[in-house]
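Written out below as structure tokens is the structure these notes cover.
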Number of protein chains: 2
Amino acid sequence: MPHHFTSEELRGWLRLSLEPGLTPAPARQLLAALGLPQHIYQSSTATLTRHLPADLAAQMAGEPSDPLQAAIAQATDWLEQAGHHILTLADPAYPAALLDLHDPPLLLYANGDLDCLGRPALAIVGARNATQSGQETARDFAGTLAAQGWCIVSGLAAGIDQAAHHGALRAGQQGGSTIAIMGTGMDLVYPAAHRALAHQIAGQGLLLSELPLGTRALPHHFPRRNRLVAALSKGVLVVEAARQSGSLITARLAGELGREVFAIPGSIHSPLSRGCHALIRQGAKLVESAQDILDELGGAAPSGLPPCAISPPPAPTNTDNPLPEELRPILERIDFAPLSADQLLRRTGLLATELPAVLAELELAGCIEALPDGRFQRLKP
Amino acid sequence: MPHHFTSEELRGWLRLSLEPGLTPAPARQLLAALGLPQHIYQSSTATLTRHLPADLAAQMAGEPSDPLQAAIAQATDWLEQAGHHILTLADPAYPAALLDLHDPPLLLYANGDLDCLGRPALAIVGARNATQSGQETARDFAGTLAAQGWCIVSGLAAGIDQAAHHGALRAGQQGGSTIAIMGTGMDLVYPAAHRALAHQIAGQGLLLSELPLGTRALPHHFPRRNRLVAALSKGVLVVEAARQSGSLITARLAGELGREVFAIPGSIHSPLSRGCHALIRQGAKLVESAQDILDELGGAAPSGLPPCAISPPPAPTNTDNPLPEELRPILERIDFAPLSADQLLRRTGLLATELPAVLAELELAGCIEALPDGRFQRLKP
């Protein structure tokens, strides 16, 4: 549970984090030298000048400007709403993993279930323009790991991020949870199309941001967001990434912080596998299954979770409908890449009149999947 | 050039390699203790008994049996034919790389151009039931490396082996060459469907076998053959391999011999990528292009080759037909996986009447490939 603020404490922390011209490094120096924010703001200009430029010291020794007061009021109003939290560096609920950063946020805005922060976390990140297959991989890994009690951390972006959050949410009945670290203020959602997803995460997981309310999505916020994704997690899995991409920055930061880096391999002809292959060459662990990650992070296995959290992951196959033996040879001719009905007819040698019933049976048995574009794809064995 | 044998020398080596009951290790001990085979066969039973069981010593001190005489005569007859060679451990042309083995063959049957043995060699191996995409990869890598003066070593098997030999032969005008190490006697070809390929390799490269003429394909010959593939090469590239497969044995032997091991990654859903992924996890180098291999084996770059051998590899794109700029967005919508005409219409938004001309233009520019099954696939950029 978060620390219960006095109004003065809260206003002090908010002002310190919102003070115009004050960057995080001198802010932390002030905390170290002068104590909690309310003490900093009770200090004289002379005292503050020992740590800050004179004009900034004078500004901080005075009353906050009108815009600053408005911003503080906006945050305190925001905090009134159900599920909203503000975690400061002094708060016992502040995630200790972030203290591995040289510049941990002074405070975090949070919306949702703070218990998520107590779980072992794995980040799943990757390309915004991910392939369907990459998104399916992200969903599968996230679902399996979330069902085992891991919290899936990602950045609420399109593509792999979105799929990872969805996979973890889908495993909700097994205790799955997910944290989205936002590159905007908590009152905005980027991309806007992810409003429903953000709402679902707030209800079942946790939204986090270090950015003041009202902060819009600007390119330079995303690398800062990525450092939180990396720091919060015991490992980072990169599912699909181009050779130059934000996901590789997240992976590099994770490596620098001593986190494990995992990457999914793919075709040498797929531009979105290049980044993963580069990571593997640099020492990232090549993974084919969620179990590979569990094996590697075994020492970090979740503990103290409710029994439901260690139930088996949602199986893609429906064991009530086992595959009839005579369909096995047909299944063997179906690719892991999407196939059209025409291709399926050629591959399987079935008649067009036979195909729909066979496909239905294969789908019921969880062996293939009907894609939105009408094609079919074999699911992993 | 091979050593010019006296008839007595040749008969001695052949008898030593064919002597019933004599395995290679004691044969090498005899060579070390008593000198060349003709000296071994001039030794008394008493002398031979110091190194061999009494019955084998007596057999070797006597005249060869009729079947043994027939086998020796068969080999000397075989050697008469154009392009046929026998290389013994005492021969300057015997490939020194094989001496890294604890059990180098006493002699090798060779058919073709012995100059191939003087080139730096790279083995390309993999699954017999390789995918079309895997075979294309093997052909591409073999062609590029052969055109740079490397000799491509493989095992004449179906799938990846066959594709690797073909790729190297296709680069013949750039000086490309290939060595097939056979798991049968030199007078047989396994699989029989590869007779024409073996013939082409004998004409443009080199066939090698340590097995006596007439030796049929038996399962236990293939691991022995694989050790020669590994030993002869500076590195082994595994293109597609199941988790339990002969290719992994070749890779393991290569690693034990201090050769580089390279592996091509692929989809985590493809059973034929499992072996490659396992190798990468064990330390094999993940490669996406032939250049990755050249970068790694740079120190072993070919030297003293004719100028044609360092000409650039055959380019898949035809620079006489550059891609018109307006087709670029259409190309971007075409997958690296095969697509049917229906899928192409959906993806590109073109009319059915427009598609053929566009596809023809893309194919001319070397951007896509028409597959035998009527589908189209994008070629690597």
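The values are calculated or read from the model by the stated rules, or taken from the named source; none is laboratory data. Just so it is clear, the model here is predicted, and its values are computed rather than measured. Using ideal geometry, Cβ is built from the backbone for each residue, glycine included, and neighbour counts are taken over all protein chains shown. Heads up: the accessible areas ignore ligands, DNA and RNA and are worked out on the full protein's heavy atoms, side chains in. Shrake-Rupley method; radii C 1.70, N 1.55, O 1.52, S 1.80 Å.
Checked against the criterion of being in the same structural domain as B:Val236 (by TED's automatic domain parsing), in contact with a Ser or Thr (Cβ under 9 Å, 6 or more places away or on another chain) and assigned to a helix (DSSP H, G or I), the range B:174-195 has at least one qualifying residue.
To keep it simple, each residue is scored yes or no on (1) among the hydroxyl-bearing types (Ser, Thr, Tyr); (2) closer than 30 Å to B:Leu286 by Cβ; (3) in the same structural domain as B:Leu188 (by TED's automatic domain parsing).
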| site | (1), (2), (3) |
| --- | --- |
| B:Ala90 | no, no, no |
| B:Leu101 | no, yes, no |
| B:Leu106 | no, no, no |
| B:Pro120 | no, yes, yes |
| B:Ala123 | no, yes, yes |
| B:Arg128 | no, yes, yes |
| B:Gln132 | no, yes, yes |
| B:Gln135 | no, yes, yes |
| B:Phe141 | no, yes, yes |
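The set of residues from the range A:225-246 being more than 10 Å from A:Val261 (Cα to Cα) and open to solvent by 10 Å² or more (accessible area, probe 1.4 Å) comprises A:Arg225, A:Asn226, A:Arg227, A:Leu232, A:Glu240, A:Ala242, A:Arg243, A:Gln244, A:Ser245, A:Gly246. Here is the figure for the range A:183-224: residues that are open to solvent by 60 Å² or more (accessible area, probe 1.4 Å) and either closer than 22 Å to A:Arg119 by Cα or β-branched (Val, Ile, Thr) (or both) total 4. Would you mention how many residues in the range A:269-296 are within 15 Å of A:Ala142 (Cα to Cα) and in contact with a Phe, Trp or Tyr (Cβ under 9 Å, 6 or more places away or on another chain)? Residues flagged as within 15 Å of A:Ala142 (Cα to Cα) and in contact with a Phe, Trp or Tyr (Cβ under 9 Å, 6 or more places away or on another chain) within the range A:269-296 amount to 6.
Exactly one condition in (1) over 21 Å from A:Ser267 (Cβ atoms); (2) buried (at least 24 other Cβ atoms within 10 Å of the Cβ); (3) in contact (Cβ under 8 Å) with a residue 40 or more places away in the chain is false for B:Ala168; which is it? If we test B:Ala168 against (1) over 21 Å from A:Ser267 (Cβ atoms); (2) buried (at least 24 other Cβ atoms within 10 Å of the Cβ); (3) in contact (Cβ under 8 Å) with a residue 40 or more places away in the chain, just (3) comes out false. Annotation for the range A:61-69: at least one member residue is part of a helix (DSSP H, G or I) and small (Gly, Ala, Ser). Residue count for the range A:115-136, restricted to those that are open to solvent by less than 10 Å² (accessible area, probe 1.4 Å) and part of a helix (DSSP H, G or I): 2. Please work out if A:Leu79 is in contact with a strand residue (DSSP E or B) (Cβ under 9 Å, 6 or more places away or on another chain) and touching a residue at least 24 places away in the same chain (Cβ under 8 Å). Judged against the criteria, A:Leu79 is a match. For the range B:145-165, the set of residues classified as surrounded by fewer than 24 Cβ atoms within 10 Å (Cβ to Cβ) and touching a helix residue (DSSP H, G or I) at 6+ places or on another chain (Cβ under 6 Å) consists of B:Gly149 only. Looking across the range B:36-54, the residues that are without any contact (Cβ under 8 Å) to a residue 40 or more places away in the chain, closer than 24 Å to B:Thr76 by Cα and open to solvent by 30 Å² or more (accessible area, probe 1.4 Å) come down to B:His39, B:Tyr41, B:Gln42. Note on the range B:70-85: residues that are loosely packed, with under 14 Cβ neighbours inside 10 Å and assigned to a helix (DSSP H, G or I) amount to 4. Filtering B:Ala127, B:Ala138, B:Ala147 for residues that are within 14 Å of another protein chain (Cβ to nearest Cβ) and farther than 19 Å from B:Ala202 by Cβ leaves a single hit, B:Ala138.
Of all residues in the range B:261-284, those satisfying the criterion of being over 17 Å from B:Gly134 (Cα atoms) and surrounded by fewer than 19 Cβ atoms within 10 Å (Cβ to Cβ) are B:Arg281, B:Gln282, B:Gly283. Counting only helices (runs of 4 or more DSSP H) that sit completely within the range B:200-307, those holding 1 or more residues that are farther than 18 Å from B:Ala164 by Cβ and within 14 Å of chain A (Cβ to nearest Cβ) correspond to B:274-281, B:290-296.
Filtered by the rule that a residue be open to solvent by 50 Å² or more (accessible area, probe 1.4 Å) and at pLDDT 95 or above, the range B:101-114 gives a lone residue, B:Asp113.
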